[in-house]
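Asker: Take this structure first; my questions come after.
The values are calculated or read from the model by the stated rules, or taken from the named source; none is laboratory data. Keep in mind that what you see is a predicted model, and the values were worked out from it rather than measured. Here the Cβ positions follow ideal geometry from the backbone for every residue, glycine too, while neighbour counts run over all protein chains shown. Quick note on the areas: whole protein, heavy atoms, side chains included, nothing else; ligands and nucleic acids left out. Shrake-Rupley method; radii C 1.70, N 1.55, O 1.52, S 1.80 Å.
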Amino acid sequence: VLESRKGPILSSGLADTWTKDLSMTLPEMVFGETDLVILNKDLDVAFAFKAYDALAACSRAADIKVSMSEKWMEKAGADIPEAQEFDWTYSTKYRGTTRTLSTDAAIEPSETEEKIDFDSLKPKAGESIVWSSDIILFEDELHDHGTCKLSVRVRATQTYFYVLQRVWVRVDHVVFRLRETRLHHRFGSSHALRQYTEREDNYDTIVKSCNAKQIREGILDEPDQLAARMPVVYDVTEKFDFANATPANSADPAKTSVATGGPEAPKDSAPPPPTAFPKPMPPASGDSTPTQAEIDAKNKLAEAEFKKKFGNLKPNAKAMLHRE
């Protein structure tokens with residue numbers, strides 16, 4: 001079962017709860033009801049990519065300083081004890097959440113020399129994509145000193161799924177960072193491979209590698225175009241081995257999906273509370289799906305609350321849009 005669940009930005013009430021629980025000032029736009037969940041009852045595994053877990057994986061100390069960061073920490077200090085600092089660039093090293101379906105226990109992979117076969121994922125391999133999704137978990141403009149965005153893309157064919165999570169950080173006049181997690185599994189196999197890569201380079205070095213036309217067209221916000229120019233500073237491939245997995249009894253044996261080789265297409269469903277790991281659940285009924293008007297109204301209310309709390313600081317308008 002593959003589910004890409006999309007929702008509006010975090011409500012003020014949940015934002016306050018997350019701020020206290022995580023001991024950090026949240027990014028301007030957090031999509032707490034948005035996530036990607038991949039369930040396989042035969043392998044007794046659930047993969048997920050969630051904003052809460054990603055923020056929880058942020059460092060407790062910032063390694064980048066700009067003139068604004070001190071003012072930012074002063075502002076955060078009004079609500080957060082001084083000792084509880086956090087990475088204000090949100091350069092999380094989160095690689096996704098992996099747990100068993102039967103016991104909700106964390107699953108840790110082991111390092112491997114095996115590599116993801118990227119040639120088999122290219123269009124020329126001849127496999128048609130039967131489902132795909134692109135979501136944003138959080139986004140921040142770093143108080144006009146750059147940008148940070150955590151996004152997740154997923155695609156599935158009849159024989160595999162492939163996930164790309166990206167943490168894109170640009171701190172103006174300081175650094176460019178790209179932290180990518182790739183997760184690949186072929187249906188019917190008893191393992192999955194996860195590659196984690198960190199790229200980083202000096203801001204001026206990257207800017208000098210671009211011509212004026214490219215900069216005008218916004219290349220500095222395009223990790224797809226800049227990734228190859230950034231040196232790799234860390235890379236590891238890990239393997240999840242499910243050879244001895246016991247099928248999860250909690251899953252519905254009558255339900256089939258792309259993940260288990262059946263005919264049913266992945267569907268969206270309502271998200272669970274952020275503190276609970278997703279369990280298999282039936283698709284939401286039409287009556288429970290919010291209308292676009294309701295989503296727009298909720299976003300406008302959240303924007304008004306944001307302005308009331310932070311004054312003239314402007315949230316990223318694109319990040320506020322409900323992504324269809």
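Asker: Out of the stretch 101-131, which GluC sites (Glu not before Pro) are coil in DSSP terms and have no more than 12 other C-beta atoms within 10 Å? All intermediate terms of the calculation are to be shown ahead of the outcome.
Answerer: Details: sites: E111, E113, E114, E127; in loops: E113, E114, E127.
Those that pass, being in a loop and sparsely packed, are E113, E114.
Asker: Another question about this same structure. Would you mind counting up the charge near R177? Only other residues with Cβ under 9 Å from its Cβ, with Lys and Arg at +1 and Asp and Glu at -1. Kindly include the intermediate steps, with their values, before the conclusion.
Answerer: Values: positive: R170, R179, R199; negative: E198, E200, D201.
Net of charged neighbours comes to 0.
Asker: Express the carbon and sulfur contribution to the solvent-accessible surface of the stretch 108-215 as a percent, rounded to the nearest whole number, probe 1.4 angstrom.
Answerer: Working: 2150 of 4780 Å².
About 45 percent, which is the carbon plus sulfur part of the accessible surface.
Asker: Oh, and also: Using 16 Å as the cut-off for backbone N distance, which residues of the stretch 104-136 belong to the label zone defined by a point 7 Å from the Cα of H191 along Cα→Cβ?
Answerer: Zone members listed by number: 108-118.
Asker: Calculate, in nm to one decimal, what K124 and K20 gain on full extension: separation in residues at 0.36 nm each, minus their alpha carbon distance.
Answerer: Details: separation 104, 0.36 × 104 = 37.44 nm, distance 4.88 nm.
That works out to 32.6 nm of additional length.
Asker: Take each of the peptides 168-175, 135-142, average the number of other beta-carbon atoms within 10 Å over its residues, and list them starting from the highest. All intermediate terms of the calculation are to be shown ahead of the outcome.
Answerer: On the way: 168-175: 19.2, 135-142: 22.6.
Per-residue mean Cβ counts within 10 Å order the peptides as 135-142, 168-175.
Asker: Would you mind putting 209-220, 93-104 in packing order, based on average other-beta-carbon counts within 10 Å, highest first?
Answerer: Working: 209-220: 12.4, 93-104: 18.1.
Ranking, from highest mean packing down: 93-104, 209-220.
Asker: Let me spell out the model: positive unit charges on the Cβ of Lys and Arg, negative unit charges on the Cβ of Asp and Glu, origin at the Cα centre of the stretch 104-206. What dipole size does that give, in debye rounded to 20?
Answerer: On the way: 14 positive and 19 negative charges, 104 e Å.
Dipole size: approximately 500 debye.
Asker: For the cross-link pairs K6/K149; K93/K149; K149/K239; K50/K149; K122/K213; K124/K213, which exceed 23 Å when the distance is taken from alpha carbon to alpha carbon? List each step's numbers first, then the result.
Answerer: Working: K6/K149 16 Å; K93/K149 13 Å; K149/K239 26 Å; K50/K149 13 Å; K122/K213 30 Å; K124/K213 32 Å.
Over 23 Å Cα-Cα: K149/K239; K122/K213; K124/K213.
Asker: Take each of the peptides 186-199, 44-57, average the number of other beta-carbon atoms within 10 Å over its residues, and list them starting from the highest. Intermediate results must be reported in sequence, preceding the final value.
Answerer: Details: 186-199: 17.6, 44-57: 21.9.
Per-residue Cβ counts within 10 Å, averaged per peptide and sorted highest first, yield 44-57, 186-199.
Asker: Just grab the label-to-label distance for D235 and D144, each label 7 Å out from Cα along the Cβ direction, in nm (one decimal).
Answerer: Roughly 3.9 nm, to one decimal.
Asker: Over all pairs of distinct alpha carbons, what does the Kirkwood formula give as the hydrodynamic radius of the stretch 129-256, in Å? Can you show the working numbers first?
Answerer: Values: mean 1/r = 0.0587 Å⁻¹.
The answer is 17.0 Å.
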